[in-house]
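Take a look at the structure set out below.
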Amino acid sequence: MRSRIMSRLAAAAAAGATATTLGFAAAGAASAATTAPARAHGTTLPVTATTSQAGYEASGRDFRYISSTLTVPDTNFLTQIYPQEYIQLSNGSLASGDQYVRAGIESCTVAQSFGAICTTGTWVSYVEAFNNSLSGPYFHHFYQLSGVTQGDGINFSIYYDQGGNELHFTITPPSTSGPPQHYKTQAYGPLFDHAAALDDFTDSTGTPIPLPFFLHQFQINEFLQGALTTYSGARGSFVGPWLTTEIIATSNGLLPPSGTTRVSPTQLRSDGLAANGTVRPWDAFGVWAR
């Protein structure tokens, strides 16, 4: 992985670009999986343990669209470092394949280390597209989230236009933070067989960082209005005509009781908000420090 990351950073530098600090190539990749108790929507979901990521991942279909409203983390000390929170389309579970695209929120402190211009102690939205054959990210962008406060929601969407072979990103912040931002870039024939909404504790080399010491349980953020679409046009929320897996971060990347849960999502719930054309059940969850 290190050679891949170093090539990635070198390519970015050569292009005069900056790189976001994300978990590349499924840092803290799944080390075990099992079955969870019945969830809120009445089904039983598998659970995958990592050392650095928590949320939900869809698989078993090829995905061309994902959107969600991500809330700004609720705790001040997180503005100084991690996690990143994002939606993702990827080749391979938790971006373990050769391509991924992401859109989400990270702290300005993290973004500044890669050249972003922002105000320390605030949050920055970003988009990024990565292709392993190109030795790095071939597209990324930072956007200062001015005027947002803890708990505010920013909507993100990623759309892969198969016919035009383009990736389209839209960031819609609260009206106090400015107008929607739209970006697009060439794609490289991706096959996005996984879609995810995650909090991610990894550093700029893709290595899981030690999870912060939490004095008590608290909610880090929420994912609302989750919506996915497959290449064939099938639509759903975080639940649909595909497999949904719960992702948790544990002390050692092993499922309890072998590992201790440190960050995990709540059960999926329905927020009653329209996304991708209609209101759908099981489209929301929170992520908690445990």
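The values are calculated or read from the model by the stated rules, or taken from the named source; none is laboratory data. The structure displayed is predicted, hence computed values, not measured ones. Counting neighbours? That spans all protein chains shown, and the Cβs are built from the backbone with ideal geometry, glycine included.
Could we say that F142 is under 19 Å from the mean Cα position of the chain (by Cα), buried (at least 22 other Cβ atoms within 10 Å of the Cβ) and in contact (Cβ under 8 Å) with a residue 12 or more places away in the chain here? Full working, then the answer.
Details: under 19 Å from the mean Cα position of the chain (by Cα): yes; buried (at least 22 other Cβ atoms within 10 Å of the Cβ): no; in contact (Cβ under 8 Å) with a residue 12 or more places away in the chain: yes.
It is false that F142 is under 19 Å from the mean Cα position of the chain (by Cα), buried (at least 22 other Cβ atoms within 10 Å of the Cβ) and in contact (Cβ under 8 Å) with a residue 12 or more places away in the chain.
Among the residues of the range 89-104, which ones are surrounded by fewer than 24 Cβ atoms within 10 Å (Cβ to Cβ) and either out of contact with any Pro (no Cβ under 6 Å at 6 or more places or on another chain) or in a loop (DSSP other than H, G, I, E, B) (or both)? Even if it seems obvious, please write down each step before you answer.
Of the range 89-104, the ones surrounded by fewer than 24 Cβ atoms within 10 Å (Cβ to Cβ) are 91-93, 96-99.
Selection gives N91, G92, S93, S96, G97, D98.
If you take the residues in the range 238-254 that are part of a loop (DSSP other than H, G, I, E, B) and in contact with a Leu (Cβ under 7 Å, 6 or more places away or on another chain), which one is nearest to P73 (Cα to Cα)?
Kept after step one, since they are part of a loop (DSSP other than H, G, I, E, B), are these residues of the range 238-254: 238-239, 241, 251-254.
Pick out the ones that are also in contact with a Leu (Cβ under 7 Å, 6 or more places away or on another chain) and you get 238-239.
On the way: F238: 21, V239: 24 Å.
Across the range 238-254, the extreme among qualifying residues is F238.
Could you check how many residues of the range 255-287 are closer than 18 Å to P212 by Cβ and either charged (D, E, K, R) or part of a loop (DSSP other than H, G, I, E, B) (or both)?
Step one: list which residues in the range 255-287 are closer than 18 Å to P212 by Cβ, which gives 259-265, 286-287.
Of the ones still in play, those that are also either charged (D, E, K, R) or part of a loop (DSSP other than H, G, I, E, B) (or both) are 259-260, 262.
Going through the range 255-287 one residue at a time, the tally reaches 3.
Output the number of the condition that H182 fails; it satisfies all remaining conditions of (1) within 23 Å of I105 (Cα to Cα); (2) free of Cβ contacts under 8 Å to residues at least 24 places away in the same chain; (3) part of a loop (DSSP other than H, G, I, E, B).
H182 satisfies every listed condition except (3).
Check off (1) of a type outside the set (D, E); (2) crowded, with 18+ Cβ neighbours inside 10 Å; (3) at pLDDT 95 or above; (4) under 24 Å from T202 (Cβ atoms) for T266 and give me the number that stays unchecked.
(2)
Looking at the range 192-213, can you tell me whether even one residue there is assigned to a strand (DSSP E or B), at pLDDT below 95, buried (at least 21 other Cβ atoms within 10 Å of the Cβ) and not acidic (D, E)? Let's see the steps before the verdict.
Just the residues of the range 192-213 that are assigned to a strand (DSSP E or B), to begin with: 194-200, 202, 208.
Filter again for at pLDDT below 95, leaving 200, 202, 208.
Narrowing further to those that are buried (at least 21 other Cβ atoms within 10 Å of the Cβ): 200, 202.
Cutting the leftovers down to not acidic (D, E) gives us 202.
There is at least one residue in the range 192-213 that is assigned to a strand (DSSP E or B), at pLDDT below 95, buried (at least 21 other Cβ atoms within 10 Å of the Cβ) and not acidic (D, E).
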